[in-house]
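Chemist: Let me begin by handing over the structure; questions about it come next.
Taken together, the values in this text are just the output of simple stated rules run on the coordinates, not laboratory data. As the structure is a prediction and not an experimental result, all values here were calculated from the model. Positions of Cβ are backbone-derived with ideal geometry, glycine not excepted, and every protein chain shown enters the neighbour counts.
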Amino acid sequence: MSRPILLVKSGGEAAMPEWQRHFAEHAPGVEVRWWDDPAVDPAAVRYALVWDPEPGRLAGLPNLRVIFGSGAGVDFITADPDLPKGVPLARMATAGAAQRMGEYVTWAVLSLLRGARRIGAAQAERRWDYFEPERIATGTTVGIMGLGHMGQAAARMLQGVGFRVTGWSRSPKDMPGIRSFAGMAERDAFLAGADIIVCLLPATPETRGVISAPLFDRMRDGTGLVNAGRGSHQRIEDILAALDSGRLSGAVLDVFDQEPLPPDHPAWTHPKLLVTPHVASLPPRGERAAHVGALIAMHERGEPLPNLYDHARGY
């Protein structure tokens with residue numbers, strides 16, 4: 001019996017030897033081929049691991065059984081108008097990805113709490129800028145927008161440091177020690193009670209542009225902001241204006257609508273804004289290959305797959 005074929009489009013063709021090496025270790029029963037390999041018969045492809053497939057390409061694989069997103073988000077995949085919605089789309093929800101996101105969020109929140117942007121600017125100028133931070137973790141409430149796989153990991157880490165943590169999501173979540181707010185009816189109460197807001201929402205039509213002036217009007221003056229979700233969530237001009245006015249006391253942004261962020265963008269030099277280059281949570285290829293290999297084995301055994309994208313909900 002021939003091995004199932006997995007097509008890979010992630011990291012470019014130069015990444016294929018590494019992908020093949022990792023899959024040989026973690027899933028030796030799978031044949032891994034480059035996305036544009038002319039020797040591959042489209043009808044022989046059972047699986048695809050992709051980040052940004054060209055529109056229509058996945059629909060041209062008639063025997064495709066599962067699509068695997070190579071990153072935490074799948075919006076570059078679902079943007080395909082011809083995406084075969086009857087084929088399961090599995091998100092890259094690894095334990096390592098959640099760990100990395102939790103670490104990033106904890107670092108970002110502590111950076112806001114301890115004035116990291118100010119400290120970094122002073123060091124760059126060789127200037128001794130002594131100041132005393134006003135808050136400590138135990139007196140600070142962090143509100144997480146999006147309590148899914150990533151959000152729950154971040155919430156637990158923040159709790160471990162001593163932060164009070166609340167969460168807001170579409171439906172209520174049950175996490176020890178965390179007050180859960182759900183739906184639009186409870187969003188204002190959630191925002192009003194937080195000192196720092198963290199956005200880890202999925203990318204959906206409803207969440208596009210959510211981090212903007214109308215949201216800031218529901219927050220306390222001087223709230224901090226972390227966005228490690230999607231660039232589509234934020235209106236950067238509103239964030240910069242809120243930082244200037246004091247509505248936001250500081251922000252850490254890892255994602256932007258345009259990436260890389262242009263060198264002349266005002267976000268780079270704003271004194272209250274820390275910019276990171278979309279590094280919050282991307283597992284190494286070996287970890288992703290192990291995860292996808294395990295899911296392929298589950299599917300071949302006829303077992304249901306976890307963390308599938310729901311086209312009706314949009315995440």
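Chemist: Where in region 117-152 is the amide nitrogen less than 20 Å from a point lying 7 Å along the Cα-to-Cβ axis of R220?
Modeler: 132-146
Chemist: Modelled label-to-label distance, I119 and D36, 7 Å Cα→beta-carbon offset: nm?
Modeler: 4.6
Chemist: Could you work out how much longer the chain between D129 and R179 gets when fully extended? Use 0.36 nm per residue separation minus the Cα distance between them, nm to one decimal.
Modeler: That works out to 14.3 nm of additional length.
Chemist: Starting from the Cα of E206, step 7 Å along the direction of its Cβ; do the same at V87; then give the gap between the two resulting points in nm.
Modeler: Modelled inter-label distance: 2.8 nm.
Chemist: For helix 95-114, report the angle its Cα long axis makes with the longest principal axis of the Cα atoms of the chain; keep it between 0 and 90° and round to the nearest 10°.
Modeler: 20
Chemist: When a/c is below 1.5 the answer is rounded, else prolate if a/b is larger than b/c, else oblate, so apply that to region 219-315 with a ≥ b ≥ c taken from the square roots of the Cα gyration tensor eigenvalues. Mind showing how you got there, number by number?
Modeler: On the way: a/c = 3.28, a/b = 2.31, b/c = 1.42.
Cα axes put region 219-315 in the prolate bin.
Chemist: Taking Cα atoms, how many degrees apart are the long axis of helix 16-26 and the longest axis of the chain, rounded to 10 and kept between 0 and 90?
Modeler: Helix 16-26 sits roughly 80 degrees off the main axis of the chain.
Chemist: If each residue of separation counts as 0.36 nm, what is the full-extension length gain between M298 and T138 once their alpha-carbon separation is subtracted? Write down the numbers at each step before the final one.
Modeler: Working: separation 160, 0.36 × 160 = 57.60 nm, distance 4.30 nm.
Gain on stretching M298 to T138: 53.3 nm.
Chemist: Follow-up. Please give the contour-minus-distance gain from D52 to V161: 0.36 nm per residue of separation, less the Cα-Cα distance, rounded to one decimal in nm.
Modeler: 35.6 nm is the gain from fully extending D52 to V161.
Chemist: In addition: For the chain, modelled as a Gaussian network with Cα springs under 10 Å, which listed residue fluctuates most, Q234, Q123, Q20?
Modeler: In this elastic network of the chain, the residue with the biggest mean-square fluctuation among Q234, Q123, Q20 is Q123.
Chemist: Can you sort R164, R3 so the residue with the fewest Cβ neighbours within 10 Å comes first?
Modeler: With the sparsest Cβ surroundings first, the list reads R3, R164.
Chemist: Could you please rank S281, S171, S212, placing first whichever residue has the fewest other Cβ atoms within 10 Å of its Cβ?
Modeler: Going from least to most buried by this count: S171, S212, S281.
Chemist: Exposure proxy check: F76, F256, F163 ranked by fewest other beta carbons within 10 Å?
Modeler: Neighbour counts put them in this order, fewest first: F76, F256, F163.
Chemist: While we're looking at this one, here's another question. Please give, to one decimal in nm, the separation of the simple spin-label points placed at A59 and D188, each 7 Å out from Cα toward the Cβ.
Modeler: Result: 4.3 nm between the two label points.
Chemist: Follow-up. For an R0 of 30 angstrom, estimate the FRET efficiency from the Cβ-Cβ distance between L305 and D257 and round to the nearest 0.05. Display every interim value, and only then the final one.
Modeler: On the way: r = 31 Å, r/R0 = 1.03.
Given R0 = 30 Å and the Cβ-Cβ separation, E is 0.45.
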